[in-house]
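Encoded as structure tokens, the structure appears first; notes follow it.
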Amino acid sequence: MVEIAPESRWTTLQYRLLRRLSPDEPTHMSGAAYANKSKLQVLLGTKLLEEIRGKDVLDFGCGVGAEAIELAQTARSVFGLDILPRYIDEARARAAAAGVDSRCEFGLVPPAKKVDVVISLDSFEHFGDPAAVLAAMYDLLRPGGRLVTSFGPTWYHPYGGHLFSIFPWAHLVFSEPALMRWRSHIRSDGATRFHECEGGLNQMTISRFEKLVEASPFRLLHLEAVPIRRLRRIHTRLSREFTTTIVRCALERPA
């Protein structure tokens, strides 16, 4: 009889428990919180559209283009960038339907011209090499240009594991091998690590992001760790990794 290593037995036990707790895909990360709302305005505020009026904007990680199309209502031009061809195809169709395709383009590679503003929503927790992405964003900006980003939940948020957070902090309780084995029942892409999943998860924390910014050539204008409403009373510098819902940040490329 072949002996099963203790770690393998422990992983199997965790996997079986996960299957019992959540036999189907969780729905808490469905995006329903933004239903009938402007995601741009919820995450970055109501003044953003006025601030980008007449400017050239790049939506980094544009998805199917909803935010890029909204930006195109006031910006001089918008370019939506993503790595998934099917998203780009859908975004182009949406822009045409909205009548903004003359000033709202989409592509898999960045445009040749530099822009005044780079927008990034819900992406920094997914980038495989966030430092390299931050450098690329810097290069896309004209001198004096700004990067405006909002992302989350970060790794220590109750649902910072996204799909893997079948209950609060489950992604910290269960091992990566057990979680990935559980995921294989609802996804068939063969991923075995968090960063291999479609979209990826880089386990971004607030402190890690701050270090990335500090090491970059950007100038920090503003960084806000927005507290989870129910936990705002205990939201402090010491507790913020566990009590922050999203991070908002504005960076500038020096003129």
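The values are calculated or read from the model by the stated rules, or taken from the named source; none is laboratory data. What you are looking at is a predicted structure, and each value in this text was computed from that prediction instead of being measured. Note that each Cβ is placed from the backbone with ideal geometry, even for glycine, and that neighbours are counted across all protein chains shown.
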>> So Trp182 passes all but one of these: (1) assigned to a loop (DSSP other than H, G, I, E, B); (2) in contact with a helix residue (DSSP H, G or I) (Cβ under 8 Å, 6 or more places away or on another chain); (3) within 30 Å of Leu13 (Cβ to Cβ). Which condition number does it fail?
In response: (1)
>> Give me the strands (runs of 3 or more DSSP E) completely within the stretch 95-153, filtered to those with at least 1 residues that are without any contact (Cβ under 8 Å) to a residue 60 or more places away in the chain, ordered by residue number.
In response: 104-107
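Here is a check on your reading of the model: is Arg92 in contact with a strand residue (DSSP E or B) (Cβ under 7 Å, 6 or more places away or on another chain), part of a helix (DSSP H, G or I) and surrounded by fewer than 23 Cβ atoms within 10 Å (Cβ to Cβ)? Give the derivation first.
Working: in contact with a strand residue (DSSP E or B) (Cβ under 7 Å, 6 or more places away or on another chain): yes; part of a helix (DSSP H, G or I): yes; surrounded by fewer than 23 Cβ atoms within 10 Å (Cβ to Cβ): yes.
When the stated conditions are applied, Arg92 passes them.
May I ask you to list the residues in the stretch 74-91 that are of a type outside the set (A, V, I, L, M) and farther than 13 Å from Asp59 by Cβ?
Of everything in the stretch 74-91, those that are of a type outside the set (A, V, I, L, M) and farther than 13 Å from Asp59 by Cβ turn out to be Thr74, Arg76, Pro85, Arg86, Asp89, Glu90.
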> Would the stretch 125-134 turn up any residue that is hydrophobic (A, V, I, L, M, F, W, C), under 21 Å from Ser216 (Cα atoms) and more than 19 Å from the chain's Cα centre (by Cα)?
Replying inline: no
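Only one of these is within 17 Å of the chain's Cα centre (by Cα) and at positive phi: Gly152, Gly160. Name it.
Details: Gly160 fails: at positive phi.
Sole residue among the options that is within 17 Å of the chain's Cα centre (by Cα) and at positive phi: Gly152.
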> Within the stretch 68-76, can one find any residue that is in contact with a Phe, Trp or Tyr (Cβ under 9 Å, 6 or more places away or on another chain) and either in a strand (DSSP E or B) or surrounded by 17 or more Cβ atoms within 10 Å (Cβ to Cβ) (or both)?
Replying inline: yes
>> Looking only at the stretch 8-36, count every residue that is modelled with pLDDT of 65 or more and surrounded by 10 or more Cβ atoms within 10 Å (Cβ to Cβ) and tell me the total.
In response: 19
> His162 passes all but one of (1) within 25 Å of Ile119 (Cβ to Cβ); (2) modelled with pLDDT of 95 or more; which number fails?
Replying inline: (2)
> Among the residues of the stretch 43-67 satisfying the criterion of being outside any helix (DSSP H, G or I) and among the small types (Gly, Ala, Ser), which is farthest from the chain's Cα centre (by Cα)?
Replying inline: Gly54
>> Within the stretch 154-169, does at least one residue satisfy the condition of being more than 20 Å from Leu220 (Cβ to Cβ) and assigned to a strand (DSSP E or B)?
In response: no
> What number goes with the only condition from (1) basic (Lys, Arg); (2) crowded, with 20+ Cβ neighbours inside 10 Å; (3) assigned to a loop (DSSP other than H, G, I, E, B) that Arg187 does not pass?
Replying inline: (2)
